[in-house]
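Let me begin by presenting the structure, written as structure tokens, before commenting on it.
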């Protein structure tokens, strides 16, 4: 079984557990997730979300850049840069 096949067959409960481990940095039993394991979990979560067509706004790492009026904000949102002079 390849990595891709494994992730595609991953149980949704396991996906949620991996996602929670990435978000919190600890396993459900409270143990810290080492950096290497966290990276592997993140890759698995991203691949799972793509393979199962999880909506973009529900994916891990999603940042909502919309305003309450429905428009988007970003680098060209018309806000001037503030400079601090000493």
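Computed values, structure above
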quantity	calculated
Residue order, fewest to most beta carbons within 10 Å, for 39, 49	39, 49
Difference of contour (0.36 nm per residue) and Cα-Cα distance, residue 81 to residue 3	23.5 nm
Theoretical FRET efficiency, 1/(1+(r/R0)^6), r = Cβ-Cβ of residue 24 and residue 50, R0 30 Å, to 0.05	0.85
Mean Cβ count within 10 Å, highest first, over the residues of peptides 50-60, 16-26	16-26, 50-60
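The numbers here are math on the coordinates, done by the rules we state, and not lab data. All values derive from a computational prediction rather than experimental measurement. Positions of Cβ are backbone-derived with ideal geometry, glycine not excepted, and every protein chain shown enters the neighbour counts.
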